[in-house]
Amino acid sequence: MGFAYDDSNIFAKILRGEIPNNTVAENDHALAFRDISPKAPTHVLVIPKGAYVSFDDFSKNASDAEIVGFMRLCAEVAAAEGVSLDGGNGFRAITNAGEDGVQEVPHFHLHIMGGRMMGPMVSLRD
Ligand code: AMP
């Protein structure tokens, strides 16, 4: 059983086809699409198709097949966007969890950002 999941969140609506998205890649277990408010030339969100709230929910409760599908899609996105170390200049992959992590959308997602120098790892604001 996963953590309490609110299926009215915006990524659940994207997965149900209720609102559009700019898809980059997809497999049986995960979907990758462009962030609506990009912070870098490449800013892609990778989400599992299953109902998982956060990184720790997904890591604890997803099946092996879901985890493999998700991770392989991340690698596919990095390669397709030209930011993979295999020919590209690198990227940052981050996931925010909960209140202290400043997670806005309560469906697990990994941000893959690149195409420019990403700067310091964390910039704090009060
Ligand atoms: P987080 O703070 O990690 O939960 O990030 C949520 C991200 O989702 C933000 O970077 C938003 O710009 C992005 N976002 C919100 N709504 C949409 C949408 N409809 N399509 C694509 N990205 C979105």
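In order along region 96-113, the phi-based Karplus estimate (6.51 cos²θ - 1.76 cosθ + 1.60, θ = phi - 60°) of 3J(HN,Hα) comes to 9, 10, x, 5, 5, x, 6, 8, 8, 10, x, 10, 3, 8, 10, 7, 10, 10 Hz; Gly and Pro are listed as x. With a/c under 1.5 counting as rounded, go ahead and sort region 43-105 into rounded, prolate or oblate using the C-alpha gyration tensor (a ≥ b ≥ c being the square roots of the eigenvalues; past the cut-off, prolate if a/b is larger than b/c, else oblate). It is oblate, given that a/c is not under 1.5 and a/b is not larger than b/c. Legend: ranking of residues THR42, THR23, THR95 from fewest to most surrounding C-beta atoms inside 10 Å; resulting order THR23, THR95, THR42.
Which residues make up the longest stretch of the chain that has no GluC sites (Glu not before Pro) in a DSSP loop with at most 11 other Cβ atoms within 10 Å? It would help to have the intermediate numbers written out before the result.
Numbers: sites that count: GLU18, GLU99, GLU104.
That gives 19-98 as the longest site-free run.
Counting only residues at least eight positions apart within a chain, or on another chain, the lysines with an alpha carbon under 20 Å from that of LYS60 are LYS49.
Compute the semi-axes of the equivalent ellipsoid of region 10-114, taking the square root of 5 times each eigenvalue of the Cα gyration tensor, and list them largest first in whole Å.
Numbers: eigenvalues 79, 48, 42 Å².
Equivalent ellipsoid of region 10-114: 20, 15, 15 Å, largest first.
Values in this text are rule-based calculations from the coordinates and carry no lab data. Keep in mind the model is a prediction, meaning the values are calculated, not measured. Counting neighbours? That spans all protein chains shown, and the Cβs are built from the backbone with ideal geometry, glycine included.
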